[in-house]
Every structure is written in structure tokens, then in C-alpha cells.
């Protein structure tokens, strides 16, 4: 499964998404808690998907476990070490075609923050 975290397409292995121990361990968490966890991670490191992709993969797996229809997440922190409350988050459900196109662009090294924004988040639209 492909998952867009900000401007990085992550490949989640189906086996890693819900191992029995992890599924039981996190069953009581809700999406709001996972969003707060994501905000904490991005407040600590705004470039999380680029700096520590392993943490991004785990966060994406938690998001999918709580809301399987979601396959894209955007976390925006104004600065490293900012208060968690300043981190904004959004979720999206992208079509297979859009996700595939983004993944292909990433494979060729042409997926940029601007391109991800244009295709998905539309934050920079004038």
C-alpha cells in the first residue's frame, strides 16, 4: 500500500500494517490521539519523512489502522521545536491513479514539495 506523508510516498507492507500484537496494543487509540502523536513528531522534526522515514512509516501505519480509507497525511510545523498546538494536520483519500503517479514521479526523482502540493494539498494555490 502506498501512503503520501507530506511530500514523500511511503510503501507500507500489508503485514506491517496490523501485526496481531501491534493491533491489540493500539486498539484503544483513536484517530485524534494518532493525530496528536503525529503533531508531536513533526513539532520535533518538521522534515520527518525525509529525516526519519522509519518513524513516518510507523505513523502512517497507525493512521491506516485507525482510518483505513486515508492514504495521505499532511503535517505542517512552522519550525523545529515549535509547540505541538502549532502543528496543523490534514488527511486525504487519494485515488489509485494519483498515488501511482506520485510514486512514479518520486521514483524518477521529480516529486517535489511543490508538485505534491499542486496534486494533493493545494496549500500554495494563488
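A few points about this structure:
- Enumeration of residues in the stretch 101-115 that are in contact with a helix residue (DSSP H, G or I) (Cβ under 7 Å, 6 or more places away or on another chain), under 20 Å from residue 91 (Cα atoms) and modelled with pLDDT of 90 or more: 102, 111
- Residue satisfying condition, being surrounded by 13 or more Cβ atoms within 10 Å (Cβ to Cβ), touching a residue at least 12 places away in the same chain (Cβ under 8 Å) and either within 15 Å of residue 40 (Cβ to Cβ) or out of contact with any strand residue (DSSP E or B) (no Cβ under 7 Å at 6 or more places or on another chain) (or both), within set 92, 79, 73: 73
- Only listed residue being modelled with pLDDT of 95 or more and within 15 Å of the chain's Cα centre (by Cα), chosen from 83, 68, 46: 46
- Applying the set (1) out of contact with any helix residue (DSSP H, G or I) (no Cβ under 8 Å at 6 or more places or on another chain); (2) within 27 Å of residue 104 (Cβ to Cβ); (3) modelled with pLDDT of 95 or more; (4) surrounded by 13 or more Cβ atoms within 10 Å (Cβ to Cβ) to residue 51 leaves exactly one unmet item: (4).
The values are calculated or read from the model by the stated rules, or taken from the named source; none is laboratory data. Note that the coordinates shown come from a computational prediction; the quantities given were computed from them, not determined experimentally. Cβ: placed from backbone, ideal geometry, glycine included. Neighbour counts: every protein chain shown.
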